[in-house]
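Participant: Have a look at this one before I ask anything.
The values are calculated or read from the model by the stated rules, or taken from the named source; none is laboratory data. Just so it is clear, the model here is predicted, and its values are computed rather than measured. We place every Cβ from the backbone using ideal geometry, glycine too, and count neighbours over all the protein chains shown.
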Amino acid sequence: MPNGLARAAVRFKPSAFVGTFVALMMAAMIVSACGILLETGVRASMPPTRYADAPVVVAADQRAHFVTGSGDSRSESVTPLPDRARIDDSLRAKAGAVPGARTAVADVTFPVRSGAESLTAHGWGSTAFTGEKLTAGRAPESGEVVLAAPGASVGEHTTLTTADGPRDFRVSGTVKNRQGAPTAWFTDTDAVRLSGHPGRVDAIAVLPAKGVTDAVLKARVADALGNRALVHTGDDRSAAEGAELAYAEELLTGLGGSFGGIATMVAMFTAAGTVALSVGQRAREYALLRAIGATPRQIRRTIATEALLVAPLAGAVGVLPGIALADWWFGQLKDRGAIPGALNLSVSFIPLVAAIGAAVVAALLSGYLAARRPSRIRPGQALAESSVERLRPGWIRTPLGIAAAVGGCVLAGIASSLTGDDAANVALGIVMLFMLAVALLGPLVARGCAALFGLPLRGAGASASLAAANSRTNARRMASAITPIVLAMAFSSTLVFMHTSEDRAAADQQREGITADHIVSAPGAGVPEALVTKAAGAPGVTSAVGLLKTSVLVPVGSGGDRWLESASTQGVTGSPRDLAEVQDLDVRTGTMASLGRGEIAMDAKLADSAHVKTGERMTLRLPDGTKASPKVVATYGHGLGLSQVTLPAADLKQHVTSSLSTEIWTKGGAPRALTALGTLRDRDAYATAQSTDRAVNAWANGVMAAVLGGFAAIAAANTLVMTVLDRRRELGTLRLIGSTRRQVMRMVRWEALLVAGAGIVIGSAIALATLIPMMNGLTGRSPYIPPLLYGSFAGGALALGLAATALPARAALRGSSPSGV
């Protein structure tokens with residue numbers, strides 16, 4: 001019988017389930033999209049490019065492993081390396097000597113300069129697996145080079161600048177340019193020496209003898225080398241080409257896992273609220289069923305069956321736009337260079353089934369909880385409560401809501417005393433706890449908002465006064481409408497204004513910290529030291545330093561929850577005095593007057609996150625993963641706008657692909673004298689160019705805000721439409737006692753303004769409670785909220801509230817008249 005009632009309700013009264021269907025569909029869309037991204041990150045693989053014809057490749061692990069704790073408390077985090085990790089060249093002989101190996105080729109790739117042009121250099125032995133063939137001349141010998149570059153001819157001499165400085169080479173041969181970029185090949189011995197990493201190579205390609213399978217050769221090579229390197233075959237060889245795939249895995253698993261977890265909680269939370277509202281709106285039906293003899297168990301079974309009839313279909317419909325959303329998101333990441341172009345989106349049944357299952361579980365649980373009281377109380381009391389809203393707060397929800405609010409306040413206090421990522425991590429808990437408090441204490445919050453915002457409405461005419469009274473009397477209905485608006489404002493504001501605050505702080509630090517008059521950059525190979533010296537000797541130049549821009553990995557976090565974080569780094573070629581002339585780093589502790597080998601200066605916020613002080617040694621990972629423990633000689637305040645870590649370039653050169661400086665910063669001098677050295681920019685142009693580098697992060701935050709905010713906005717509109725359509729009898733009664741349509745619509749608009757205004761204020765308060773400690777920990781400043789951007793958020797919420805109430809109210813009143821109500 002209950003199943004028949006449920007089928008009849010869905011069949012003959014489908015409008016009662018439209019709102020539930022839309023909410024569950026949107027939730028399934030969010031869950032499936034995030035699940036697809038997570039699965040793609042977990043299964044990420046792509047075919048190799050450089051090592052496509054090398055069946056077995058030996059290379060170093062391109063990820064840093066950071067272990068904390070021991071025993072049961074031991075944990076390990078994995079972070080992609082900023083630059084390529086290399087292996088010892090001596091492993092080539094061992095790999096080539098295993099049974100079944102025809103030969104083993106040491107491979108290196110590094111940039112060199114020919115005048116103002118940048119070339120990619122390799123060892124000639126790599127042509128055994130890349131397939132290049134000479135078009136003229138012969139293979140190189142010591143002191144010679146083979147070129148694939150326009151205008152190259154056999155027998156001529158060319159000057160190439162490498163890590164060893166400028167050297168003259170004889171062109172022994174030429175190759176057709178297959179790679180699309182100028183390329184140079186040296187002898188294998190010269191290539192290893194000139195790469196700037198003597199004795200170390202990027203990878204070793206092992207070619208099998210006839211009849212030896214890749215799997216057998218891999219096992220033999222792995223056994224011969226032990227744990228000194230990783231051995232790759234198949235698509236796994238792409239991991240030997242650098243950390244590009246590892247970065248893609250980290251990004252996708254982060255989006256699909258961390259953000260996906262938050263998005264899933266929000267989606268399920270909102271969908272559950274909509275289901276509960278739908279059940280609550282039919283409280284009178286359940287009361288009548290109880291009055292004619294239905295048992296509590298039958299009521300619960302009816303609601304469960306309704307959920308099972310609606311939720312699977314809603315989930316199945318929702319996964320289709322979820323796949324489209326994941327595909328669009330994935331494509332945008334590719335277009336911005338955040339993930340490799342060869343990586344493909346993985347779509348399987350797992351995230352789709354999980355999304356449908358999440359929708360079903362959310363519908364069942366929320367429906368059961370909403371029907372708990374109507375199914376248990378006495379029939380007469382159920383009929384009374386279905387007519388008049390119960391004012392007494394729930395004895396379970398209220399204590400839990402108060403506990404959540406207190407927890408949010410406590411976390412906000414803790415976050416205000418933390419710095420760096422510790423503050424950012426705690427801030428996420430703040431917004432979640434406050435949102436939970438708003439949901440649990442919804443009726444009380446709504447009643448308070450109605451009393452507070454209703455005061456000015458009482459003097460604004462009969463319609464406004466009636467709107468205030470309606471909102472105060474129907475607090476539960478108002479709470480169901482406020483919560484999604486609070487959700488949209490809180491999450492969207494937190495994500496978007498977090499970026500605007502960081503961007504504003506970085507821009508201010510750049511403006512204050514760049515004291516150089518000119519900045520010369522050279523793409524590709526970089527700027528040789530000779531050009532730094534030449535810039536220093538240019539007319540009018542008083543100071544010049546070369547800066548090698550890269551990143552290092554710094555351990556941050558507290559207690560057992562520590563991980564490696566990438567920190568922007570500059571290696572200085574020149575004296576600390578000259579650096580002080582072109583950069584104002586805002587030194588807080590220590591001194592940079594004698595920054596030498598084995599010493600480091602770092603951003604004060606980063607030092608706090610790493611729990612190190614001036615005079616102590618800090619264990620970090622250099623760009624290629626090598627461990628180092630430099631002494632901290634100074635901390636400074638402009639790291640976000642300039643570089644978070646500063647150390648001598650000599651400590652970095654053997655740990656990066658190109659040991660040449662990335663930029664030359666000069667004080668004084670005429671632009672004409674510096675133009676020939678590379679691309680010349682003044683401080684304003686440089687700051688603008690640096691700001692564009694943060695565009696990907698801004699875009700990611702914007703997409704997250706759009707996904708969460710958009711979903712919450714649709715949920716808010718859905719909820720408002722449901723509440724208005726449920727009031728047909730009430731609106732008709734107002735017409736019956738003589739109210740005009742204009743007066744009724746005016747009352748509805750005032751109610752919408754009250755609901756939207758309350759949601760905006762509460763959501764903004766939650767965002768501020770999250771942003772203030774977060775930004776204080778990350779930047780040491782208050783959050784920056786652009787007025788126009790915030791105004792667009794608030795205006796959008798107001799417009800949404802007005803449209804989602806006025807349109808269904810107008811439809812409900814259309815065709816009605818006092819005599820026909």
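Table: residues versus (1) at pLDDT below 70; (2) within 33 Å of the chain's Cα centre (by Cα).
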position	(1), (2)
431	no, yes
439	no, yes
448	no, no
453	yes, no
461	yes, no
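Participant: Quick one: which strands (runs of 3 or more DSSP E) lie wholly within the stretch 488-604 and hold at least 1 residues that are of a type in the set (Phe, Trp, Tyr) and assigned by TED's automatic domain parsing to the domain that holds residue 647?
Facilitator: 561-573
Participant: Would you please name the residue that is surrounded by the most Cβ atoms within 10 Å (Cβ to Cβ), looking only at residues in the stretch 247-268 that are among the small types (Gly, Ala, Ser) and either closer than 30 Å to residue 716 by Cα or in the same structural domain as residue 207 (by TED's automatic domain parsing) (or both)?
Facilitator: 267
Participant: When you look at residue 553, is it more than 26 Å from residue 527 (Cβ to Cβ), within 31 Å of the chain's Cα centre (by Cα) and not acidic (Asp, Glu), yes or no?
Facilitator: In short, no.
Participant: Assuming residue 177 fulfils every condition listed in (1) of a type in the set (S, T, N, Q); (2) assigned to a loop (DSSP other than H, G, I, E, B); (3) within 25 Å of residue 232 (Cα to Cα) apart from one, which condition is it?
Facilitator: Here residue 177 clears every test but (3).
Participant: Evaluate the stretch 149-164: report whether one residue or more is closer than 30 Å to residue 94 by Cβ, in a loop (DSSP other than H, G, I, E, B) and under 42 Å from the mean Cα position of the chain (by Cα).
Facilitator: Within the stretch 149-164 (the criterion being closer than 30 Å to residue 94 by Cβ, in a loop (DSSP other than H, G, I, E, B) and under 42 Å from the mean Cα position of the chain (by Cα)), the answer is yes, since at least one residue qualifies.
Participant: Could you list, in sequence order, all residues of the stretch 47-78 that are at pLDDT 90 or above and hydroxyl-bearing (Ser, Thr, Tyr)?
Facilitator: Within the stretch 47-78, just 51 meets the criteria.
Participant: Mind listing just one residue for me: the one in the stretch 53-83 that is loosely packed, with under 13 Cβ neighbours inside 10 Å and part of a loop (DSSP other than H, G, I, E, B) and, of those, farthest from the chain's Cα centre (by Cα)?
Facilitator: Result: 53.
Participant: Let me ask you something else. On the basis of being among the polar types (S, T, N, Q), closer than 25 Å to residue 53 by Cβ and surrounded by fewer than 18 Cβ atoms within 10 Å (Cβ to Cβ), does residue 109 make the cut?
Facilitator: No.
Participant: Same structure again: Tally the residues that are farther than 29 Å from residue 68 by Cα, surrounded by fewer than 19 Cβ atoms within 10 Å (Cβ to Cβ) and touching a helix residue (DSSP H, G or I) at 6+ places or on another chain (Cβ under 9 Å), restricting the search to the stretch 552-586.
Facilitator: 2
Participant: Answer with yes or no whether residue 532 is aliphatic (A, V, I, L, M) and surrounded by 20 or more Cβ atoms within 10 Å (Cβ to Cβ).
Facilitator: Yes, satisfied.
Participant: Any residue in the stretch 734-746 that is closer than 9 Å to residue 463 by Cβ sitting within a Cβ distance under 6 Å of a residue that is crowded, with 19+ Cβ neighbours inside 10 Å? List the pairs, counting only those 6 or more apart or interchain.
Facilitator: Short answer, once both residue conditions are applied: 743/463; 744/731; 744/734; 746/463.
Participant: Please state which of the following conditions residue 179 fails to meet, knowing it meets all the rest: (1) touching a Gly at 6+ places or on another chain (Cβ under 7 Å); (2) modelled with pLDDT under 90; (3) closer than 19 Å to residue 128 by Cα.
Facilitator: So the condition that residue 179 fails would be (1).
Participant: Hey, could you check the stretch 229-247 for residues that are at pLDDT 90 or above and assigned to a loop (DSSP other than H, G, I, E, B) and say which is farthest from residue 61 (Cα to Cα)?
Facilitator: 233
Yes or no, residue by residue, for (1) of a type in the set (D, E, K, R); (2) within 30 Å of residue 312 (Cβ to Cβ):
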residue: 20; (1), (2): no, yes
residue: 25; (1), (2): no, yes
residue: 39; (1), (2): yes, yes
residue: 47; (1), (2): no, no
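Participant: Quick check: is even one residue across the stretch 257-269 part of a helix (DSSP H, G or I), over 30 Å from residue 30 (Cα atoms) and out of contact with any strand residue (DSSP E or B) (no Cβ under 6 Å at 6 or more places or on another chain)?
Facilitator: no
Participant: Taking the conditions exactly as written (outside any loop (DSSP other than H, G, I, E, B), outside the structural domain of residue 85 (by TED's automatic domain parsing) and not aliphatic (A, V, I, L, M)), does residue 613 satisfy them or not?
Facilitator: Here the answer is no, as residue 613 does not meet what is asked.
Participant: Quick one: in the stretch 779-814, which of the residues that are assigned to a loop (DSSP other than H, G, I, E, B) and polar (S, T, N, Q) is modelled with the highest pLDDT?
Facilitator: Among those residues, the one meeting the criterion is 782.
Participant: Taking interchain pairs and intrachain pairs at least six residues apart, which have beta carbon atoms under 6 angstrom, with the first residue in the stretch 193-208 and in contact (Cβ under 8 Å) with a residue 40 or more places away in the chain and within 23 Å of residue 81 (Cα to Cα) and the second of a type in the set (Ser, Thr, Tyr) and buried (at least 24 other Cβ atoms within 10 Å of the Cβ)?
Facilitator: That search, which allows pairs on different chains as well, returns 194/162; 196/659.
Participant: I've got another one for you. Taking the options 386, 366, 416, name whichever one is modelled with pLDDT under 65 and either assigned by TED's automatic domain parsing to the domain that holds residue 302 or surrounded by fewer than 21 Cβ atoms within 10 Å (Cβ to Cβ) (or both).
Facilitator: Going through 386, 366, 416 in turn, the sole match is 386.
Participant: Restricting to the stretch 302-335, give me the number of residues that are farther than 30 Å from residue 248 by Cβ, crowded, with 19+ Cβ neighbours inside 10 Å and not aliphatic (A, V, I, L, M).
Facilitator: Number of matching residues: 3.
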